[in-house]
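J.: Below is a structure I'd like to ask you about.
The values are calculated or read from the model by the stated rules, or taken from the named source; none is laboratory data. For clarity, every value in this text was computed on a predicted model and none was experimentally measured. Here the Cβ positions follow ideal geometry from the backbone for every residue, glycine too, while neighbour counts run over all protein chains shown. In case anyone asks, the SASA skips ligands and DNA or RNA and just uses the protein heavy atoms, side chains included. Shrake-Rupley method; radii C 1.70, N 1.55, O 1.52, S 1.80 Å.
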Amino acid sequence: MIATWRGLAIAAAIAVVLAVIVAIDAALGEPGAVDRALIAGFDPARVTELIWERAGQPAIRAMRTGERWELRAPGAIPADAGAIGDVLATLRGARWHRRGAAAPPHATLTVVAGGERHVLGIAAPIAGTEQSWIVADGRGTIVDSWVVRALDRDRLSLQIRQPLAEVAAARSIAITGAPVGGDLLLEGVPRRLVRPTALWLAPEAAHALDRALRDLTIVRIPDVPVAGPAAGPALSIAATGEHGSVTVAIGAGCPGAPDRIAVTGTDGDGCVERAAVEAVTAAVAALHQPPAAIADRRPVPFEPAHLVLPDGAALDTSPPRVGDATADATRVAELLAALAAPAEVVPLPAAPPTAHLSVTDRAGAALTLDLFGDRVVARHGEPIALRPAPGAWALLVRPSRELRELTLWVEEPTTVTALVIDGIRYQRGQVIGAWTRQPAGPADAAALERMAARLAAPHALGFADGAFAVAHRVAIEVTPPVGAPSRHALELGAPRAAGCPVRAGGDVVLLPAAVCTAVAALAR
């Protein structure tokens, strides 16, 4: 009983203490459940403007325009979407720890969300800690220092610093004002030089240019706006991609930083390192070399989806079909490998081409290969030619029929219900392995089963040219469990060293000589 009264007394004391704490919080104006959000109820989607201000410096304004953000500097330029996203994410996630009298702020961030304006004064860090002061709407609060670092922005950190970061995916790149060699125009991926001459570029030359343009990085904001090409001849780059064009003009010394180079363009003014500019000019100069030095040595520098072969037949690569027939996947792969194999660069022949091979990829890129004698090919319109290796050349000029699937048809052997050889009809019985013959005569069941298996899916060794005397005529009749019956017919010649010539439809192919020998035995 004493223990019970003691417990009640302790519980009562705790209740009194809690009541006192709640009363003190109420007296201080703090509710029991404290919202420690830096901006209560913050919704990033409602924010329309962010304004950074520092004494003696122009204000930095970022404004939402539709789906993107712009900096007013003072003209409108795109803001770095990642930087703005980091600021909004910080405002949404930031929490304060304590409140008190903060030091005067050295900068302010004004957040405009609909009709609301919230002013955050960014003050000094607390020595010896990873915490800093922020004056949030007039009240001093202590936050983690990472919050201050994320919110305390200058223009450089909000501006797009690599204007040509996505250049590798650009559909076209126009370069004007090069010191030597004249203007350049490149199109497509992989890169094709259009001006000053038509040429599919070697990957290493194209990658060097893309890399140099991508790495052109703004490291400083000029002291004054850059006017035009910054008091010097400009190398201007315009890269056009899925989301529009980006332009960059490279000028002379940067205002306020003469050891750096001024740039201006659609993403604003900036200063870049001289080494970065030198890399761009070197990559541009490399494209003014003779065509033989920068040409792609692969006859076709992309993955073909559709081809028109030298004999006029159409070839689709996926699924492989040549004309109206199924193509042999292995032979198609051999042709594609030959088209992608590097070849020797040779002068363009003066004589006209003897044939053409046209290639298109899935994105619509297309080229035509002109075929010449002496094992020479040239991409139509280019000033140089290529000489493939002998094996690759043989694959380029191989007749389209040799790309066809060499299995004439495919049936299930047990669905072959009859074999007709020179008028002799062998009929399969109800039991597999039982055969009858008309006119009456011996029926070698084992030989007939082997023949049915061979002719259910006959695979040719290749194609044959020239006429041949028909020695035997064979037909197989197929009755599947479901569907209509079908019939396949062959005309066979006498066996040769290379095989047995067989006419199947309009083609003459070679089957293994053993097929002809077995047919001759059953024809007796």
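J.: In nm, to one decimal, how far is the V431 label point from the R92 one, both placed 7 Å along Cα→Cβ?
T.: Result: 7.9 nm between the two label points.
J.: Using +1 at the Cβ of each Lys and Arg and -1 at the Cβ of each Asp and Glu in the chain, identify which of A113, A460, L448 lies farthest towards the dipole's positive end.
T.: In the chain, that residue is L448.
J.: Let me ask something additional. Can you tell me the length gained on complete extension of the stretch A329 to L348, counting 0.36 nm per residue apart and subtracting the Cα distance?
T.: In short, 3.6 nm is gained.
J.: Still on this structure: Enter the angle in degrees (range 0 to 90, nearest 10) between the Cα long axis of helix 445-456 and the first principal axis of the Cα atoms of the chain, meaning the one along which they spread out most.
T.: Helix 445-456 sits roughly 50 degrees off the main axis of the chain.
J.: Could you work out what % of the accessible surface of region 261-396 is carbon and sulfur, using a 1.4 angstrom probe and leaving DNA, RNA and ligands out of the count?
T.: C and S atoms contribute 58 percent here.
J.: Now for a separate question. Of the listed peptides 261-269, 429-437, what is their order by residue-averaged count of other C-beta atoms within 10 Å, with the highest listed first?
T.: 261-269, 429-437
J.: Turning to a different aspect of this structure: Select from V280, A337, T240 the residue farthest towards the positive end of the dipole of region 232-342; place +1 on Cβ of Lys and Arg, -1 on Cβ of Asp and Glu, and compute about the Cα centre.
T.: V280
J.: Still on this model: Using a 1.4 angstrom probe on the protein heavy atoms only, line up D361, D152, D259 by accessible area, largest first.
T.: Final ranking, largest accessible area leading: D259, D152, D361.
J.: Taking the Cα atoms only, what angle lies between the long axis of helix 81-93 and the longest principal axis of the chain, rounded to 10 degrees?
T.: It works out to around 60 degrees.
J.: In a shell of Cβ-Cβ distance under 12 Å around R331, excluding R331 itself, what net charge do Lys and Arg (+1) and Asp and Glu (-1) give?
T.: On the way: positive: R398, R401, R404; negative: D328, E334, E402, E405.
Surrounding charge for R331 is -1.
J.: Report the dimensions of region 298-394 along its three principal axes from the alpha-carbon atoms, largest first, rounded to Å.
T.: 37, 27, 22 Å, listed from the longest principal axis down.
J.: With each run of n ≥ 4 DSSP H residues scored as -39500 (n - 2.57), what mean residue ellipticity at 222 nm is computed for the chain after dividing by its residue count and rounding to the nearest 500 deg cm²/dmol?
T.: For the chain, the value works out to -7000 deg cm²/dmol.
J.: Something else now. With each pseudo-label sitting 7 Å past Cα toward Cβ, what's the T368-A521 distance in nm, one decimal?
T.: For the pair T368/A521, the computed spacing is 5.5 nm.
J.: Under 19 Å from a point placed 7 Å out from the Cα of A292 along the Cα-to-Cβ direction: which residues of region 189-221 have their backbone N that close?
T.: Label zone hits: 197-203, 205.
J.: Working from Cα positions, state the angle (0 to 90°, nearest 10) between the long axis of helix 274-286 and the longest principal axis of the chain.
T.: Approximately 20 degrees, to the nearest ten.
J.: Follow-up question, since we're still on this one. Can you work out the Karplus-derived ³J(HN,Hα) for every residue in region 411-428? Use 6.51 cos²θ - 1.76 cosθ + 1.60 with θ = phi - 60°, whole Hz, and x for glycine or proline.
T.: Rounded to whole hertz, the list is 10, 6, x, 6, 8, 6, 9, 7, 10, 10, 10, 6, x, 8, 9, 9, 10, 6.
J.: Related question: If R0 is 30 Å, what FRET efficiency do you get for V308 and A169 from their C-beta distance, rounded to 0.05?
T.: Numbers: r = 29 Å, r/R0 = 0.97.
The formula returns an efficiency of 0.55 here.
J.: Which listed residue (T141, S157, G188) has the Cα farthest towards the positive end of the charge dipole for the chain, taking +1 on Lys and Arg C-beta and -1 on Asp and Glu C-beta about the Cα centre?
T.: Positive-end residue among those listed: T141.
J.: For the peptides 157-167, 405-415, 278-288, what is the packing order when you average, over each peptide's residues, the other Cβ atoms within 10 Å and list the highest mean first? The partial results should precede the final answer.
T.: Values: 157-167: 19.7, 405-415: 15.4, 278-288: 17.2.
With the highest mean Cβ count within 10 Å placed first, the list reads 157-167, 278-288, 405-415.
J.: Tell me, what is the FRET efficiency for T217 and A355 to the nearest 0.05, using R0 = 41 angstrom and their Cβ-Cβ distance as r?
T.: Rounded to the nearest 0.05, the efficiency is 0.25.
J.: What is the distance in Å between the Cα centroid of region 252-328 and that of region 455-484?
T.: Using only Cα atoms, the two centres lie 50 Å from each other.
J.: For the chain, what is the accessible area per residue in Å² when the probe is 1.4 Å?
T.: Computed with neighbouring chains in place, this is 49 Å² per residue.
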